[in-house]
Amino acid sequence: LAVEDAEQRAGLASGMLNWLEESCQVAGIQDISLECRKINLTAIKFYEKRGFERFEEIPNYYCGTETAVRMQKKLSIAE
């Protein structure tokens, strides 16, 4: 999930994430995992505000040089 710098803070990422979470819930998926660059504090804060929690760091994940932060969110199942 990525949004151009000029388009950030317009609700695009939130809209895409809402759609993804709703689709996962309908499909019975119980959690979403993702990775983002450890240096991308804006993305990490965005996901944390949306209920994601950090659970792992993976050294050399990006191009063999950058650390990734793995995050996860538990979803409630739609009935």
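Within the stretch 9-65, what whole-number % of the accessible surface is contributed by carbon and sulfur, with the 1.4 Å probe and all protein chains included in the calculation?
Answer for the stretch 9-65 is 53 percent, counting heavy atoms of protein chains only.
Excluding ligands, DNA and RNA, what is the solvent-accessible area per residue of the chain at a probe of 1.4 Å, expressed in Å²?
That works out to 72 Å² for each residue.
State the extension gain, in nm to one decimal, for the chain segment bounded by E57 and E22, taking 0.36 nm per residue of separation less the distance between their alpha-carbons.
Values: separation 35, 0.36 × 35 = 12.60 nm, distance 2.70 nm.
Contour length minus the Cα-Cα distance gives 9.9 nm.
Please compute the contact order of the chain in relative form: average sequence separation of alpha-carbon pairs under 8 Å and at least six residues apart, divided by the residue count, as a percent. Don't skip to the answer; put the middle values down first.
Working: 94 pairs, mean separation 25.9, N = 79.
Rounded, it is 33 percent for the chain.
What ratio of Cα Rg to 2.2 N^0.38 Å holds for the chain?
1.17
The values are calculated or read from the model by the stated rules, or taken from the named source; none is laboratory data. Quick caveat: nothing in here was measured; it's all calculated off a predicted structure. With ligands, DNA and RNA removed, areas are computed over all heavy atoms of the protein, side chains included. Shrake-Rupley method; radii C 1.70, N 1.55, O 1.52, S 1.80 Å.
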